[in-house]
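Novice: Here it is, the structure, as structure tokens.
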Amino acid sequence: MSLQLGDVAPDFTADTTHGAISFHQWKGDAWAVLFSHPKDFTPVCTTELGAAAKLKPEFDKRNVKIIGLSVDSVPSHVQWEGDIKDVTGQQVNFPMIGDADRKVSLLYGMIHPNASETMTVRSVYVIGPDHKLKLTLTYPASTGRNFDEILRVVDSLQLTAKFQVSTPADWKDGQDVIIVPAVSDEDARKKFPKGFVAKKPYLRVTPQPNK
Ligand code: BEZ
């Protein structure tokens, strides 16, 4: 069965462009985003890695370590990183896992045989400080991911881990949030001193509590 939200992200050892790692030890008690690329020297992946490198400072601010994977060797990744710098202007500033034997790809179910027998799909795993999966995304090889969206999700996950709130459609950091239905109106008045608006009895909106 495929990995599901709440599962512990499987631990593994691997060679990366930043040296050998033991995944859980490398991650420590930070958040992590692990994302796969189908193959080195491919066009969409080249643009994605540039986009991720550009946003690395934003992930750092949120205590999120980012790490990529492709089913090629570390020397191949290092060579490809030169092209990524040429094309996007970005030096890849996070580790890339060499997974030529597909050990990690298979462990995480990143290879979907009906899409390709050999290449990974574009998987994203957001992993919490407790090593548990908080979000998974699966994109086909033909569609590049939006790394601003991954940051937005991290903002929501980190906020909802601390407060009894959820975030509405298209929410961005700083906007109003929803008080979870399990909190009574009486408790909501205590927990959310900025107050709330009940658009429906089950839809109560309050300013973001940590802003
Ligand atoms: C790409 O990155 O453009 C790509 C990778 C694998 C298959 C198809 C496209």
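The values are calculated or read from the model by the stated rules, or taken from the named source; none is laboratory data. Bear in mind that the values here come from a model prediction, so they are computed numbers and not experimental data. Counting neighbours? That spans all protein chains shown, and the Cβs are built from the backbone with ideal geometry, glycine included.
Novice: Using the structure shown, decide if Ala141 is of a type in the set (A, V, I, L, M), part of a loop (DSSP other than H, G, I, E, B) and within 16 Å of the ligand (Cβ to nearest atom). Explain how you work it out, then say what you get.
Specialist: Values: of a type in the set (A, V, I, L, M): yes; part of a loop (DSSP other than H, G, I, E, B): yes; within 16 Å of the ligand (Cβ to nearest atom): yes.
Yes, satisfied.
Novice: Which pairs have Cβ atoms under 9 Å, sit 6 or more apart or on different chains, and link a residue in segment 77-89 that is without any contact (Cβ under 8 Å) to a residue 60 or more places away in the chain and more than 12 Å from Thr46 (Cβ to Cβ) to one that is outside any helix (DSSP H, G or I) and among the hydrophobic types (A, V, I, L, M, F, W, C)?
Specialist: Gln79/Phe41
To keep it simple, each residue is scored yes or no on (1) without any contact (Cβ under 8 Å) to a residue 60 or more places away in the chain; (2) part of a helix (DSSP H, G or I); (3) surrounded by fewer than 16 Cβ atoms within 10 Å (Cβ to Cβ); (4) touching a helix residue (DSSP H, G or I) at 6+ places or on another chain (Cβ under 7 Å).
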site: Asn114; (1), (2), (3), (4): yes, no, yes, no
site: Thr118; (1), (2), (3), (4): yes, no, yes, no
site: Arg152; (1), (2), (3), (4): yes, yes, no, no
site: Trp171; (1), (2), (3), (4): yes, no, no, yes
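Novice: Given the residues Ala14, Ala9, Ala30, Ala20, which is the only one that is under 19 Å from Asp60 (Cβ atoms), of a type in the set (A, V, I, L, M, F, W, C) and at pLDDT 95 or above? Explain how you work it out, then say what you get.
Specialist: On the way: Ala14 fails: under 19 Å from Asp60 (Cβ atoms); Ala9 fails: under 19 Å from Asp60 (Cβ atoms); Ala20 fails: under 19 Å from Asp60 (Cβ atoms).
When all the criteria are applied, what remains is Ala30.
Novice: Continuing with the same structure: Pairs under 6 Å by beta carbon, first residue farther than 10 Å from Arg145 by Cα in segment 42-60, partner more than 16 Å from the ligand (Cβ to nearest atom) and assigned to a helix (DSSP H, G or I), six or more apart or different chains?
Specialist: Taking only residues 6 or more apart or on different chains, the pairs are Glu58/Leu151.
Novice: When only residues in segment 154-169 that are among the small types (Gly, Ala, Ser) and surrounded by 13 or more Cβ atoms within 10 Å (Cβ to Cβ) count, which is farthest from Thr120 (Cα to Cα)?
Specialist: Ser166
Novice: I'm told Lys54 meets every condition in (1) more than 14 Å from the ligand (Cβ to nearest atom); (2) within 14 Å of the chain's Cα centre (by Cα); (3) farther than 27 Å from Asp130 by Cβ except one. Can you identify the failing condition by its number?
Specialist: (2)
Novice: Which of the strands (runs of 3 or more DSSP E) contained wholly in segment 24-111 include at least 1 residues that are farther than 19 Å from Val126 by Cα and in contact with a strand residue (DSSP E or B) (Cβ under 9 Å, 6 or more places away or on another chain)? Give the steps one after another, and end with the answer.
Specialist: Values: elements: 31-37, 64-70, 96-98.
It comes to 96-98.
This table checks each residue for (1) aliphatic (A, V, I, L, M); (2) loosely packed, with under 15 Cβ neighbours inside 10 Å.
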site	(1), (2)
Gly6	no, yes
Thr13	no, yes
Gly19	no, yes
Ala53	yes, no
Asp60	no, yes
Lys65	no, no
Val78	yes, yes
